[in-house]
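Below: the structure, in structure tokens.
The values are calculated or read from the model by the stated rules, or taken from the named source; none is laboratory data. Only a predicted model underlies this, so the values are computations on that prediction, with no experimental measurement involved. Cβ placement follows ideal geometry from the backbone for every residue including glycine, while neighbour counts extend to all protein chains displayed.
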Amino acid sequence: MNNTMQPLSGDRSQYLTIALTKGRLADQTMALLEKAGYYCEELENKKSRKLVFTNEEQKLRFFLSKGPDVPTYVEYGAADIGVTGSDIIIEENRRVYEVLDLEFGKCTMCVAGPESARELLKHHERIRVASKYPGIARDYFYNRKHQTVDIIKLNGSVELGPIVELADVIVDIVETGSTLKANRLKVLEEVCPISARMIVNQVSMTMKAQRIREVISRVREVVNSEKHENQL
Amino acid sequence: MSTHTPERYHDLLHTPDGVRDIYGKENARKQKVLSRVLEAMHLYGYEDLQTPAFEYFDVFSREIGTTPSRDLYKFFDADGNTLTLRPDFTPPVARCVAKYFMDETEPLRFCYQGSAFVNTSAFQGKRSESTQTGVELINDPSVYADAEMIALLVECLQKAGLSDFQISIGNVEYFKGVCQAAGLDQDTESSLRDYISGKNYFAAEDLLKSRGMKAAQRDEFLRITDFMDDRDALKKVREATGNERSRKAIDRLIDLCRVIEAYGYGRYISFDLTLLSKYHYYTGVIFKGYTYGTGEAIATGGRYDGLLAHFGKDAPSIGFMIQIDALLEAMQRQKIEIPVDTHTEKIEYTEESYDACLEKAIRLRKEGIRTLLVPGGDR
């Protein structure tokens, strides 16, 4: 365990609840939190069937959920803090404070499709767009490109859309581009960069101000020092 | 006898998204909380004021700085004028006061209650019609008016039954002062306002970087993000503030803090300079009330010294509004009991005993006892 950990200050009578995004993002988040002095041994037991993991000593509670649900838990105050991708935060458009860019889980929101679709994006003609992110897709085409589009919401394997001719292009996150390549699709336009973000419930920010601000500033320090190291 | 199957009527039973029926116990609790809050307002000498549920569109126009046009419910009258259901009460109250108290220079105190309407069907689970109650104090620019607002809000929430809550106080002038000193254009200021009020400081920093602001200046700017729970913290920020307008804003908060402490409510307040409102009519002190159990602020308010001028009356004013629905939701989650008196006497009558039962019912009702007269006996 981390011996350099300093004791937490502030009101300890209440738990701080943190919602994590299931999968790799959760592991990366926990690694980051550990460097900032917060940990949860219960979470390290991968076989556990528990839904909520507690660190009694630091009065922390963690739970894992699907990415799109993280902003929902945080908005309603079921979690004080959440960590998820900015793609989800933009798409869900919940009333939460977006306080930190954690600088991992980086990828790009892109418009992708077969090379032949490139031409379709140059005019204002109506095209069909398949996406898991109908909100982001609409905002991009309506407000930034001023192009009228039909948006088809899909729930996974969006790359299939252009292949089976359900849609002309897709709007999706691209990390390495290998899935696109395997399906002979190309990134046609970049919408915005994506990375993991820490979000905070508006009420908790005031009601548990001291503890939450401590978490934010400790994590920010770690993120900044890592960023600095990478730049060297 | 109906010739249709029950399923036929199912579509008729639904209410539109964002509105709902409130009945039974829940409604009794709501009325109780409302009356408690209004009682607190009346104790401070606020007079009830009623404005219409809809107004001409111009009362809520962009220049006034309220809810964006696309979030308003709009319709037409017989002459083709655009009408709007009120999204909040402050502009209508300002209009009303400008109309009937044009030459009054003494402070005026009004309270109101009713439904406000915001067309937010695009977002899941948000109320389109909400019950709001609030106060407006007009013709008083003093720090004592600011403090009266905070103190009254504390007492309204206490009276409602809440004990664990915080009022976060900021001053829009601080942000405006820093923007002015940095010479930011309106678009940048507007984006910055969105980022800062969303506590999205890294986005704010990136924006300032992209506008070519130097690191030292950026740091001063982002000092806005410091959290202040007392007067000493405010004083520290004041010392580090470079421009006069922002310094004055902090001075006002320090002063306000002193008066609130005189009321004895120091423990309910904290300061947050990033507090900015989506309502652009706020000009000075601005505040929000928070409690556990609800994801949104239960109360919002602030100073709007320029709003009445839109209606031809130059009158510095301040007010606040309590979201009754959010308050009730929070109280329910916090398991705070709202005792409601629902005891009702029930008298069952038969054809033969009706006259005697009626006589008894009349007597009980005269005594102020809730009495039900229902058919009983052999039926």
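Annotations for the structure displayed:
- Matching entry among A:T148, A:T176 (being under 12 Å from A:I127 (Cα atoms), hydroxyl-bearing (S, T, Y) and modelled with pLDDT under 95): A:T148
Conditions tested, residue by residue: (1) surrounded by 14 or more Cβ atoms within 10 Å (Cβ to Cβ); (2) within 20 Å of the chain's Cα centre (by Cα); (3) in the same structural domain as A:S116 (by TED's automatic domain parsing).
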| position | (1), (2), (3) |
| --- | --- |
| A:K145 | yes, no, yes |
| A:K153 | no, yes, yes |
| A:G156 | no, yes, yes |
| A:L166 | yes, no, yes |
| A:V169 | yes, no, yes |
| A:D172 | yes, yes, yes |
| A:E175 | no, yes, yes |
| A:A182 | no, no, yes |
| A:K186 | yes, no, yes |
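- Residue check for B:L273: farther than 30 Å from B:K236 by Cα and crowded, with 20+ Cβ neighbours inside 10 Å: no
- Among the conditions (1) touching a residue at least 40 places away in the same chain (Cβ under 8 Å); (2) away from every other protein chain (no Cβ under 12 Å); (3) part of a strand (DSSP E or B); (4) under 17 Å from A:I90 (Cβ atoms), A:L188 misses just one, which is (4).
For (1) within 27 Å of A:R95 (Cβ to Cβ); (2) in the same structural domain as B:G319 (by TED's automatic domain parsing); (3) modelled with pLDDT under 90, each residue gets a yes or a no:
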| site | (1), (2), (3) |
| --- | --- |
| B:F221 | yes, no, yes |
| B:K235 | no, yes, yes |
| B:A240 | no, yes, yes |
| B:D255 | no, yes, no |
| B:E261 | no, yes, no |
| B:Y281 | yes, yes, yes |
| B:F287 | yes, yes, no |
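- Any hit, the stretch A:70-80, residues being at pLDDT below 90 and either hydroxyl-bearing (S, T, Y) or in a strand (DSSP E or B) (or both): yes
- Helices (runs of 4 or more DSSP H) fully within the stretch B:1-107 that include at least 2 residues being at pLDDT 95 or above: B:24-43, B:90-100.
- Of the numbered criteria (1) in contact with a Lys or Arg (Cβ under 6 Å, 6 or more places away or on another chain); (2) free of Cβ contacts under 8 Å to residues at least 40 places away in the same chain, the one B:V340 fails is (2).
- Exactly one residue out of A:T21, A:T72 is touching a residue at least 40 places away in the same chain (Cβ under 8 Å), touching a Ser or Thr at 6+ places or on another chain (Cβ under 9 Å) and either under 18 Å from A:V203 (Cα atoms) or not aromatic (F, W, Y) (or both), and it is A:T21.
- Any hit, the stretch B:259-275, residues being more than 14 Å from chain A (Cβ to nearest Cβ) and in contact with a Phe, Trp or Tyr (Cβ under 7 Å, 6 or more places away or on another chain): yes
- Where a residue in the stretch B:291-312 is more than 7 Å from chain A (Cβ to nearest Cβ) and farther than 20 Å from B:A145 by Cβ and its partner, wherever it lies, is part of a strand (DSSP E or B) and modelled with pLDDT under 90, with Cβ under 8 Å and at least six apart: none
- Residue match in the stretch B:291-303 (condition: small (G, A, S), more than 15 Å from B:Q166 (Cα to Cα), at pLDDT 80 or above and crowded, with 24+ Cβ neighbours inside 10 Å): yes
- Filter result for A:L64 (closer than 17 Å to A:K208 by Cβ, buried (at least 17 other Cβ atoms within 10 Å of the Cβ) and of a type outside the set (S, T, N, Q)): no
- In the stretch B:204-217, the condition of being within 14 Å of chain A (Cβ to nearest Cβ), surrounded by 15 or more Cβ atoms within 10 Å (Cβ to Cβ) and at pLDDT below 80 is met by no residue.
- Verdict on B:S163 being within 14 Å of another protein chain (Cβ to nearest Cβ), surrounded by fewer than 17 Cβ atoms within 10 Å (Cβ to Cβ), of a type outside the set (A, V, I, L, M, F, W, C) and under 18 Å from B:Y290 (Cα atoms): yes
- When the strands (runs of 3 or more DSSP E) confined to the stretch B:308-379 are screened for residues that are more than 30 Å from B:D58 (Cα to Cα), those reaching at least 3 such residues are found at B:345-349, B:371-375.
- The condition (being within 16 Å of the chain's Cα centre (by Cα) and either outside any strand (DSSP E or B) or within 14 Å of another protein chain (Cβ to nearest Cβ) (or both)) is satisfied by just one residue among A:E57, A:E98, A:E34: A:E98.
- The C-beta contact set for the stretch B:356-369 (first residue closer than 17 Å to B:H343 by Cβ, second residue surrounded by 12 or more Cβ atoms within 10 Å (Cβ to Cβ) and of a type in the set (D, E), distance under 8 angstrom, 6+ apart or interchain) comprises B:L364/B:E345; B:I369/B:E345.
- Within the stretch A:122-143, the only residue that satisfies the criterion of being in contact with a strand residue (DSSP E or B) (Cβ under 8 Å, 6 or more places away or on another chain), assigned to a helix (DSSP H, G or I) and either among the charged types (D, E, K, R) or more than 18 Å from A:E91 (Cα to Cα) (or both) is A:R138.
- All positions within the stretch B:108-127 that are surrounded by 20 or more Cβ atoms within 10 Å (Cβ to Cβ) and either assigned to a helix (DSSP H, G or I) or hydroxyl-bearing (S, T, Y) (or both): B:Y112
- Members of the stretch A:191-225 found to be away from chain B (no Cβ under 11 Å), of a type in the set (A, V, I, L, M, F, W, C) and assigned to a helix (DSSP H, G or I), listed by number: A:V215, A:V219, A:V222
- Filter pass, A:A167 being over 30 Å from B:F202 (Cβ atoms) and not in a strand (DSSP E or B): yes
- Residue selected from the stretch A:106-139 under the condition crowded, with 22+ Cβ neighbours inside 10 Å and not hydrophobic (A, V, I, L, M, F, W, C), by the criterion farthest from A:I170 (Cα to Cα): A:Y133
- Per this entry, B:K335 is counted among residues that are under 30 Å from A:Y73 (Cα atoms), at pLDDT below 95 and surrounded by fewer than 17 Cβ atoms within 10 Å (Cβ to Cβ).
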